[in-house]
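The values are calculated or read from the model by the stated rules, or taken from the named source; none is laboratory data. Bear in mind the structure is a predicted one, so any value in this text is a computation, not a measurement. Heads up, the Cβs are rebuilt from the backbone with ideal geometry, glycines too, and the neighbour counts pull from every protein chain shown. Only protein heavy atoms, including side chains, enter the accessible area calculation; ligands, DNA and RNA are left aside. Shrake-Rupley method; radii C 1.70, N 1.55, O 1.52, S 1.80 Å.
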Amino acid sequence: MWPVYDRHVYNGSVGDPYTNPKAPVHFITGSAGCQEDIDPFVPNPPPWSAVRIRDYGYTQMKVWNHSVIDFTQISSDKGGVVVDKFTVVKEKHGPEAWL
């Protein structure tokens, strides 16, 4: 997801949405179960939905320090190809002024 609070997106910037984001970043991942197309993705996701991937796979998360975390999504369906990757950088910790 994009950084979101109260159903509003608060990206760090247009070019670097996860650098000093102004709201929490929710990362939802999962590839369990059988694809029976019973519960497909909604056709028009909400504006805070950053990416959706249907492949089976797994997520790698590397915490570098208290300010930097890397996320990598790897597709098992595509033989280990990286299908998404991003880094969250938060240089200042604590509540945002607008909260």
Quiz item: In the list Val25, Val88, which residue meets the criterion of being β-branched (Val, Ile, Thr), assigned to a loop (DSSP other than H, G, I, E, B) and modelled with pLDDT of 90 or more?
Solution: Val25
Exercise. Looking only at region 2-15, count how many residues are at pLDDT below 90, more than 13 Å from the chain's Cα centre (by Cα) and either closer than 18 Å to Val68 by Cβ or open to solvent by less than 100 Å² (accessible area, probe 1.4 Å) (or both).
Key: 3
